[in-house]
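Worksheet: the structure to be examined is printed underneath.
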């Protein structure tokens with residue numbers, strides 16, 4: 001199921017980027033809610049908040065490493081881990097794959113969602129951010145409770 005989520009997010013990301021590339025002129029902006037939300041077509045040759053500008057090789061390598069690690073983890077743990085952890089990792093991987101496709105094919109990522117008070121972003125970026133948010137929720141609220149129940153099951157010594 002988690003690989004279906006990854007595929008769906010990547011497909012949505014690539015579809016929206018295709019629609020932007022074919023509908024807008026580079027560096028143009030179309031207001032949907034004037035002054036609040038615009039579709040602004042830009043090329044981002046960096047990572048989040050435009051860090052690592054023009055470091056395409058480094059960014060591709062880092063994305064490949066993270067995506068590979070998450071994929072292996074999902075394969076090995078998909079039946080054993082909590083759904084929230086697996087969903088968060090799937091969303092992070094999906095966003096990584098979506099932006100990796102752009103970066104590998106073009107040397108830049110297409111960004112277009114522009115709220116005027118935040119750097120311009122795309123669907124893959126949303127996926128990574130939601131995945132990170134879920135991962136934080138898992139780490140602070142779900143995992144501690146799971147750890148307590150595991151300790152209770154083993155008499156408090158953590159040994160099964």
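Here are some notes:
- Condition met for residue 35 (part of a loop (DSSP other than H, G, I, E, B) and either surrounded by fewer than 11 Cβ atoms within 10 Å (Cβ to Cβ) or out of contact with any helix residue (DSSP H, G or I) (no Cβ under 8 Å at 6 or more places or on another chain) (or both)): yes
- The set of residues from the stretch 38-62 being part of a helix (DSSP H, G or I) and under 14 Å from residue 121 (Cβ atoms) comprises 48, 49, 50.
- Residue that is modelled with the lowest pLDDT [pool: residues in the stretch 63-105 that are within 19 Å of residue 147 (Cβ to Cβ), assigned to a helix (DSSP H, G or I) and out of contact with any helix residue (DSSP H, G or I) (no Cβ under 6 Å at 6 or more places or on another chain)]: 77
- Among the residues of the stretch 109-119, none qualifies, meaning not one is assigned to a helix (DSSP H, G or I), at pLDDT 95 or above and surrounded by 14 or more Cβ atoms within 10 Å (Cβ to Cβ).
The values are calculated or read from the model by the stated rules, or taken from the named source; none is laboratory data. The structure presented is a predicted model; accordingly, all values stated were derived computationally and were not measured. Please note: Cβ atoms are built from the backbone with ideal geometry, for glycine as well, and neighbour counts cover all protein chains shown.
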